[in-house]
Amino acid sequence: MIKNLDKIVKEWAYRVDDGQPNPSNSAHLYHLSQILIENQWPFEVIDELLQNLNEVDIVKNKKSGNVYSVQNHNPDTQDLVKKDASPEDVKKVDKGEEPQKIKGEPKPPKKNALDFENDTTEDIVTKTGGGEFKETNQEQSVERVGKYREEVFAGKSSKGGGDTTAQEEMANMSREIAVQNPDMTKEEVEEAMWKEIQEKYPDSKYAQNEERTKKLIKKSTAGVKTIKEVQSREEYNYGEQPPGYPTNTTDAQIVRDTLLTEYEKAKASGDKEAMKYYENELKWMQKKATDKSVTGKEGDADTMMIYKDKQGRTRVLYVTNKQGESDMQSNSTIETVSLATKENVHPDAEAAVVIDIQEGASQMATGFNNKYVKKSSQVIKENREDLSKVEDIIGKAAQAQTGRAEFHSDKPSEKYLNDNKKNPEVRARLLGMDNPPNDDPKSPEYKEWKKKVKNAWNESEQDFTNEQVIKASLDSTGTGSVQGIGSGANGVAYTTVKATQVTRSIRNKVKSLMKKNPTMSQREACEAVANDKRGKKGKEKPLYGGAFSGDDVERIMNNKGLEALEQEQETRARSMDGMYEETTNGLRSADVNLYISQGMSEEEALEKSRNESGPHEQSYTTGYMERMHWMDYISGDVDGRVVGEMGENSHPPRHIRECLAKQTGFDGDPNADPDKLKEHILKNVRADSENQTLTFVNKESGETRTLGNDTHRLAGRNEKMAGAFGPDMVKCLKSKGAS
């Protein structure tokens, strides 16, 4: 029940000019938003309500052929004619005229939708990622792209100095080289990329490590095929290019500033056609290149290609970059997964049931980390004497992981220990102050205590060793604000996670070595592991940078308290097991209950649930397809706008459509019948709860095709679901890429 609903409706009617509120009237919606703000509704709830009120779909009844407008499209009984129809389209339908689908316009986001009639330049900047707007013409965009790429290779960009962003910039280079040298072979492009890195970025770690860089280059050459795709197909509208174009970048702000400069120029000259064009370009930029905080949904573009179309206008291609077709395509928190499912509830499903099942999963996932902190706190207390003997080693272990590789020559990273020193509980213990008054950081008593700790810390000139920081961190676990796993000052427990991952790995290596060599003593095995090096001959790298001596490794092996703490981390890592099965089985049970309520016997309901995906299960499948962006690919709405680069292959949306159709036995044309393909997939693709996959089973042959993986896991600090193409889709896509 909405609080004060009657009061809100009456006030809304009073404020609109004719006393009859109309959700299609923007002025009326403005009055409603003001009333809701006055009634202290949360802004995100207001945004969602207004968006839902304003969404009208135009559909065609499958049986009668009648065309009409509805609030929610039912794919079982209606073909979608137009999503989010305008008031003008609705009027046409009322007059018996059927509107045409408009291609090329992205669906408005659920929050921060661009409103070019009322938005100022500052508003547009905020709604497209924020930051400082810099007027950027064609020449300046090329210059800014070059400077940003220099920062990436120098490890100084805003995205950090990791290989991921550098590899994405390599993919950008491959496109630019392919434009200038269209007849080059893949091998020649790879060599040209290596030469460019050496010449333009000679001081970078990539220019100085040929073996490592060439491995990255080999996985970044899909740009060659992307250029051929863009130049040869009409939907990209690729025209003659001025000097420096096309230019490619990983920096969305450069793209935004280039488009916004063109928009402001058109606005100043009164060129309405150009204004409309760049409004649409900015909408695409917002959809594909901003993060979840802006629109409520993560954009999937990793790199962007700015080019000129055949009319001489600036246009952008949005590219997702992966090392191969098997790579993870979607990495969503459980909260995001639940939201995606709730937003795609099937019209015949009971929304409350779907929401209850998904929220249960979300709450369970949130509880995993809190449970880990509580359990590890108990382990620390029960084994405090044992752990006090290895606090120096835990300190080393907390600094040993500098990336994903266990064997490396990197310097120890103090990031996690420095984060711990920002935590008030850790600071209080280091300074010898009282413990927090309670475990509620929002309480007045806690806030007063935290203020005293902060003042004392700022006045202190003491310097603490890593061993002291670890001791304070262990003793703080489970007290005050240290109840879960966060980041920064809230990352105390996560430091323990990272450290025990290292010590557990070392322990397993010693055990494995002794198992392979039964006559080897533990001491000998510890020395061997401590001195182990891996890599190309002459360039071998030590385990964790050589941080651990043989004595350190033996102390790890002999410390039962540390082993118990490691076990808690192992339990945390396995804690996602069973969640997928619980969620999907819950949705299937809801389908069975729905069928029974419609008059089926229990046996009939179970049989139908076994043979086809019901409304509740389809809600999950649709959510998965949204997270993987398959819905966009199927609809054709992003044709000419996006490309997926995977290793050496480039995949436009039609590749995804065609492979989905092939793997599911769709007998229509996937490029001409997107709605029928979507309906076919949703009814026939099932969630395999045992293997955490989406599969299609041929009812005649029994043959199974795996379309997608959707794996529950704990990634870093968060509970995640990793979405990826299944092996049958991977095989199909690779075949298309090769051809």
(request) Within region 135-158, track down each residue that is on the phi > 0 side of the Ramachandran plot and assigned to a helix (DSSP H, G or I). (result) none
(request) Would you check which residues across region 652-678 are under 13 Å from Asp632 (Cβ atoms) and outside any helix (DSSP H, G or I) and list them? (result) Pro652
(request) Report the residue count in region 413-427 for those that are closer than 12 Å to Val453 by Cβ and either part of a helix (DSSP H, G or I) or of a type outside the set (D, E, K, R) (or both). (result) 5
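Here is a yes/no grid of residues against (1) part of a helix (DSSP H, G or I); (2) over 21 Å from Glu554 (Cα atoms); (3) under 27 Å from the mean Cα position of the chain (by Cα):
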position	(1), (2), (3)
Val469	yes, yes, no
Leu474	yes, yes, no
Ile485	no, yes, yes
Gln501	yes, no, yes
Asn508	yes, no, no
Lys515	yes, no, no
Thr519	no, no, no
Arg523	yes, no, no
(request) Check Pro242 against each of (1) in contact with a helix residue (DSSP H, G or I) (Cβ under 8 Å, 6 or more places away or on another chain); (2) surrounded by 15 or more Cβ atoms within 10 Å (Cβ to Cβ); (3) modelled with pLDDT of 95 or more and name the one condition it does not meet. (result) (2)
(request) Sort through Thr165, Thr185, Thr121 and tell me the only one that's in contact with a helix residue (DSSP H, G or I) (Cβ under 6 Å, 6 or more places away or on another chain) and of a type outside the set (D, E, K, R). (result) Thr165
(message) Go through (1) closer than 21 Å to Arg212 by Cα; (2) without any contact (Cβ under 8 Å) to a residue 60 or more places away in the chain for Met173 and report which single condition fails.
(response) (2)
(request) Out of the residues in region 307-335 that are surrounded by 21 or more Cβ atoms within 10 Å (Cβ to Cβ) and among the hydroxyl-bearing types (Ser, Thr, Tyr), state the one that is modelled with the lowest pLDDT. (result) Ser332
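Matching residues to (1) in the same structural domain as Thr495 (by TED's automatic domain parsing); (2) at pLDDT 95 or above; (3) within 30 Å of Phe548 (Cα to Cα); (4) not in a helix (DSSP H, G or I):
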residue: Val353; (1), (2), (3), (4): no, no, no, no
residue: Asn370; (1), (2), (3), (4): no, no, no, no
residue: Gln378; (1), (2), (3), (4): no, no, yes, no
residue: Gly403; (1), (2), (3), (4): yes, no, yes, yes
residue: Asn435; (1), (2), (3), (4): yes, no, no, yes
residue: Asp439; (1), (2), (3), (4): yes, no, no, yes
(request) Consider Leu216 carefully, then state whether it is within 24 Å of Glu151 (Cα to Cα) and either exposed (fewer than 14 other Cβ atoms within 10 Å of the Cβ) or modelled with pLDDT under 95 (or both). (result) yes
(message) Checking Glu406 against (1) under 28 Å from the mean Cα position of the chain (by Cα); (2) acidic (Asp, Glu); (3) buried (at least 20 other Cβ atoms within 10 Å of the Cβ), only one condition comes out false. Which one?
(response) (3)
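Does Asp632 meet the test of being surrounded by fewer than 21 Cβ atoms within 10 Å (Cβ to Cβ) and among the charged types (D, E, K, R)?
Values: surrounded by fewer than 21 Cβ atoms within 10 Å (Cβ to Cβ): no; among the charged types (D, E, K, R): yes.
It is false that Asp632 is surrounded by fewer than 21 Cβ atoms within 10 Å (Cβ to Cβ) and among the charged types (D, E, K, R).
Is there a residue being among the basic types (Lys, Arg), farther than 30 Å from Thr583 by Cα and buried (at least 21 other Cβ atoms within 10 Å of the Cβ) anywhere in region 445-457? Please lay out each step first, then the result.
Let us first name the residues in region 445-457 that are among the basic types (Lys, Arg), namely 447, 450-452, 454.
Going one step further and asking which of them are farther than 30 Å from Thr583 by Cα, we end up with 447, 450-452, 454.
Those left that are additionally buried (at least 21 other Cβ atoms within 10 Å of the Cβ): none.
No, because not a single residue in region 445-457 is among the basic types (Lys, Arg), farther than 30 Å from Thr583 by Cα and buried (at least 21 other Cβ atoms within 10 Å of the Cβ).
The values are calculated or read from the model by the stated rules, or taken from the named source; none is laboratory data. None of these values were measured; they are calculated from a predicted model. Cβ sites come from the backbone with ideal geometry, for glycine too, and all protein chains shown count toward neighbours.
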